[in-house]
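Working notes, beginning with the structure itself.
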Amino acid sequence: MPDTLFGNDAVPLDLLTERAHNYRWAEVDPGVIPLTAADPDFAVAQEIRDAISRYAQEGVFSYGPHRGTPSLRIAMARELSSRGYSGVDAQRILPLDSAASCMYAIARAFLKEGEEMIIFDPVDFLFEQAATSVGGRVRRCSYDPGTRAFRLGELDRLVTPKTRMIGVCNPHNPLGRLMTDDELETIARFARKHDLWILNDEVWSDIVFPPRSFSSFHHLPDSLHERVITVHGFSKSFGLAGLRIGTILAPSEAAYSKILNASHVMSTAGGASTLSQVAAETALDHCRYWVDDFVAHLAGLRDLAVERLNAMPGVCCEAPEATYLLFPNIRETGLEPEELTEYLKKNAHVAVIPGNDQFFGPGGAGHIRLCFATSKKLLVEALDRMDAAMHALAKNQDRFSSHRN
Ligand SMILES: Cc1ncc(COP(=O)(O)O)c(C=O)c1O
């Protein structure tokens, strides 16, 4: 057993090399440290392992309830009510096989071919993919790189007769930013004025660094979240990505019923596995301490990483208010994000995500994204290697100064 939950010896490297996919340990060359997909390098809380083992030992894996296990829905409702969300009802919570799947189901329920969803730029690719999976189109609201706030003044220009939905990622991947109460209210009023649904992705809402705290649409007056459909996940805060589990909170019976039809759970073609629901329920009921310790660990790493990145030539990095993602601006290097990503993989043996269209939309240009949900030792090793490689790049190319902006 490792000394502490998030200590240097708490990263099970052999198992990660076997099991951590999606750009991570199992997919990179030996010796490369992946700071890529947003997925913790740590084993999950003991309570979750025990609950899964107990359930598995009993040996019964019959079909579960179509709408998800009542105990998970009740646990989720309790969790959200304890955060001060108003109007939460376990009957309107639907567990599905991942937050990603929840986003797709919401798009199927509320967007038709040729209709539009306004999303932010940059933002995680799942928003665009959910819209295009039903033949929908996205229109993007840009952000101000100085303040890192979205230019909500653009919304009126982006809305058309075909707009049905606005996708909000709060906390934001990849900017690590929290929406303010004022911003949430502006978006909610805009949605109400134009009769739009809000696809509200709160997958990152557990990973928030004090003194900042999380505000949700559900903290606003009821009339402002009547069209908010909220997605939660268990991959980021509890390390359950491989179990594929997430939940939707629908604002009304009618919205819930549309989502239910679109989710394919009634035909058994969709839905979360019962084992994953056991894990999620245990996480909510017994593992809050684990997330608290995780966030405390991450807060230290965030400060360390931001300081180290800003000391690298050509790199400029803001500290995220939430998430374990860093999104440094690398324009000054004169390299495209893909070029720098390749360079770092080859020369620093560190893998990162390029800020390109594929991952984040055009607004990701000039950036790379790093995930720091690992041990201090591994992160320092990765940053040391990056630092040496960036200094070598600056020295060899002597080009950074000409690209200052
Ligand atoms: C903003 C956002 N939404 C959804 C997801 C998907 O989460 P899940 O693993 O539950 O599908 C991610 C994963 O990176 C994410 O960052």
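Remarks
- Within segment 241-256, residues that are without any contact (Cβ under 8 Å) to a residue 60 or more places away in the chain and assigned by TED's automatic domain parsing to the domain that holds Ser86 sit with their Cβ atoms under 8 Å from residues that are assigned to a loop (DSSP other than H, G, I, E, B) and within 15 Å of the ligand (Cβ to nearest atom), at 6+ positions apart or across chains, in these pairs: Leu243/Phe234; Leu243/Ser273.
- Tally of residues being free of Cβ contacts under 8 Å to residues at least 40 places away in the same chain and small (Gly, Ala, Ser) across segment 296-318: 1
- Per-region count, segment 85-104, residues touching a residue at least 60 places away in the same chain (Cβ under 8 Å), within 12 Å of the ligand (Cβ to nearest atom) and not acidic (Asp, Glu): 8
- Scope segment 129-153; condition over 18 Å from the mean Cα position of the chain (by Cα) and of a type in the set (S, T, N, Q); matching residues: Thr132, Ser133, Ser142, Thr147
- Segments classed as helices (runs of 4 or more DSSP H), wholly inside segment 1-107, with at least 2 members that are basic (Lys, Arg): 46-58, 70-82
- Selection of segment 215-235 for residues being within 14 Å of the ligand (Cβ to nearest atom) and over 22 Å from Ala131 (Cβ atoms) yields only Phe234.
To keep it simple, each residue is scored yes or no on (1) within 12 Å of the ligand (Cβ to nearest atom); (2) buried (at least 21 other Cβ atoms within 10 Å of the Cβ); (3) farther than 30 Å from Ala272 by Cα.
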| residue | (1), (2), (3) |
| --- | --- |
| Ile106 | yes, yes, no |
| Gly136 | no, yes, no |
| Ser142 | no, no, yes |
| Thr147 | no, no, yes |
| Asp156 | no, no, yes |
| Asn173 | yes, yes, no |
| Thr180 | no, no, yes |
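- First in segment 198-211 and closer than 18 Å to Cys371 by Cα and in the same structural domain as Gly176 (by TED's automatic domain parsing), second anywhere and among the β-branched types (Val, Ile, Thr) and within 10 Å of the ligand (Cβ to nearest atom), Cβ under 6 Å, 6 or more apart: Trp204/Thr323; Ile207/Thr323
- Of residues in segment 246-258 being away from the ligand (no atom under 16 Å from the Cβ) and not basic (Lys, Arg), the one surrounded by the fewest Cβ atoms within 10 Å (Cβ to Cβ): Ala254
- Taken together, the residues in segment 109-128 that are within 22 Å of the chain's Cα centre (by Cα) and surrounded by fewer than 19 Cβ atoms within 10 Å (Cβ to Cβ) amount to 1.
- Residue check: Val44 meets all listed conditions (1) free of Cβ contacts under 8 Å to residues at least 60 places away in the same chain; (2) within 16 Å of the ligand (Cβ to nearest atom); (3) of a type in the set (Val, Ile, Thr) but one, namely (1).
- Taking segment 91-109 as the range and being more than 18 Å from Asp222 (Cβ to Cβ) and touching a Lys or Arg at 6+ places or on another chain (Cβ under 6 Å) as the test, the residues that pass are Asp97, Ser98, Ala109.
- All of Pro328, Pro337, Pro354 fail the test of being surrounded by 20 or more Cβ atoms within 10 Å (Cβ to Cβ), touching a Leu at 6+ places or on another chain (Cβ under 8 Å) and free of Cβ contacts under 8 Å to residues at least 40 places away in the same chain, apart from Pro354.
- Enumeration of residues in segment 200-214 that are part of a loop (DSSP other than H, G, I, E, B) and within 13 Å of the ligand (Cβ to nearest atom): Glu202, Val203, Trp204, Ser205, Asp206, Ile207
- Of the numbered criteria (1) within 22 Å of Gly31 (Cβ to Cβ); (2) more than 16 Å from the ligand (Cβ to nearest atom); (3) within 17 Å of the chain's Cα centre (by Cα), the one Asp387 fails is (3).
- Leu340 in a helix (DSSP H, G or I) and either modelled with pLDDT under 95 or touching a strand residue (DSSP E or B) at 6+ places or on another chain (Cβ under 7 Å) (or both): yes
- Qualifying residue in segment 191-199 (condition: within 16 Å of the ligand (Cβ to nearest atom), more than 27 Å from Gly146 (Cβ to Cβ) and in contact with a Gly (Cβ under 7 Å, 6 or more places away or on another chain)): yes
- Scanning segment 1-33 for residues that are touching a residue at least 24 places away in the same chain (Cβ under 8 Å), surrounded by 15 or more Cβ atoms within 10 Å (Cβ to Cβ) and either of a type in the set (A, V, I, L, M, F, W, C) or within 16 Å of Val44 (Cβ to Cβ) (or both) gives Leu5, Phe6, Ala10, Val11, Pro12, Leu16, Val28, Val32, Ile33.
The values are calculated or read from the model by the stated rules, or taken from the named source; none is laboratory data. Given the structure is predicted, the values throughout are model-derived calculations rather than measurements. Heads up, the Cβs are rebuilt from the backbone with ideal geometry, glycines too, and the neighbour counts pull from every protein chain shown.
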